Amino acid sequence: MKTAARDFRQVLDTLQSLGLLLLTDARLPSAAAILAGETISGSWWSHPRAREIFIGLNKLEAHPDVLITKLVSGKVTFLHRELWSDLLSIAAARERWQMRGLSAAAKYLLRLVDKEGLVQSDEIVWPRRFQSEKIGGTVRELELRLLIHTRQVHTESGAHARMLETWRHWRARIEFPIEPRSPAESRHLFESLITNLNEQYGARARLGWQAGSSR
């Protein structure tokens, strides 16, 4: 357990130092690799330390200084509190890269979340016209554009569901103080951070607005 505690402390220290940390990645620092004590090939679920990794990731998700998004390369990204204001300024801007080309199902779901503030995925009454569209894929479409915040929950039946909420609702729920930021300044901060990480680790990570969409 001392080793697990030490590894978790290393995850937190790395996250605070870098500002963000991927769940898994072949090149960039990742929480799973730190908890495993080595680079992971394939899924971390098959690693000999999978149980310790699972426990560490759950602790990381529950940590008050950690926010989970799909910020980097569409992957699960842990973000340190020091960068939350910058993320919020980008997420709330509703810029062209976020809204352009949204599917009809995604537009419907976004309107629903905007109206309610917080909805649970398994309680959504999905319109018949979107029956061919899976809710999970639609949620991911909104996540990748930072249009909503999501978190996984266990339902009373023991199944998994996702809570979908507006960033305003999330901010009020955790009582996070507002620190005004310009979306352009915040994008530049993250772009510089990712550029430095890519150069340092020989990676090719990208941010959502860098994926070819025009703002």
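Of everything in the stretch 58-96 that is surrounded by fewer than 21 Cβ atoms within 10 Å (Cβ to Cβ) and over 22 Å from residue 17 (Cα atoms), the residue that is nearest to the chain's Cα centre (by Cα) is 92. Here is the figure for the stretch 75-113: residues that are among the charged types (D, E, K, R), part of a helix (DSSP H, G or I) and under 16 Å from residue 207 (Cβ atoms) total 2. Select from the stretch 1-42 the residues that are buried (at least 17 other Cβ atoms within 10 Å of the Cβ) and charged (D, E, K, R) and write down the one among them that is farthest from the chain's Cα centre (by Cα). So, considering only residues that are buried (at least 17 other Cβ atoms within 10 Å of the Cβ) and charged (D, E, K, R), the one farthest from the chain's Cα centre (by Cα) is 7. Scanning the stretch 112-134 for residues that are among the small types (Gly, Ala, Ser) and surrounded by 13 or more Cβ atoms within 10 Å (Cβ to Cβ) gives 117, 121.
Taking into account only those residues within the stretch 43-57 that are buried (at least 19 other Cβ atoms within 10 Å of the Cβ) and aliphatic (A, V, I, L, M), which is nearest to residue 196 (Cα to Cα)? Filtering first and then ranking leaves 57. Would it be correct to say that residue 55 is closer than 26 Å to residue 175 by Cβ and among the β-branched types (Val, Ile, Thr)? The answer is no for residue 55. Tell me the residue from 150, 155 that is within 27 Å of residue 80 (Cβ to Cβ) and of a type in the set (Ser, Thr, Tyr), please. Result of the check over 150, 155: 150. Is it the case that some residue within the stretch 139-149 is surrounded by fewer than 12 Cβ atoms within 10 Å (Cβ to Cβ) and either assigned by TED's automatic domain parsing to the domain that holds residue 30 or farther than 22 Å from residue 58 by Cα (or both)? The answer is no, given that none of the residues of the stretch 139-149 is surrounded by fewer than 12 Cβ atoms within 10 Å (Cβ to Cβ) and either assigned by TED's automatic domain parsing to the domain that holds residue 30 or farther than 22 Å from residue 58 by Cα (or both).
Within the stretch 159-173, is even one residue out of contact with any helix residue (DSSP H, G or I) (no Cβ under 8 Å at 6 or more places or on another chain), under 21 Å from residue 20 (Cβ atoms) and surrounded by 13 or more Cβ atoms within 10 Å (Cβ to Cβ)? Scanning the stretch 159-173 turns up at least one residue that is out of contact with any helix residue (DSSP H, G or I) (no Cβ under 8 Å at 6 or more places or on another chain), under 21 Å from residue 20 (Cβ atoms) and surrounded by 13 or more Cβ atoms within 10 Å (Cβ to Cβ).
Taken over the stretch 24-51, the criterion of being of a type in the set (D, E, K, R) and at pLDDT 90 or above is satisfied by 25, 27.
The values are calculated or read from the model by the stated rules, or taken from the named source; none is laboratory data. Worth saying up front: this structure is predicted, and the values here are computed from it rather than measured. Cβ: placed from backbone, ideal geometry, glycine included. Neighbour counts: every protein chain shown.
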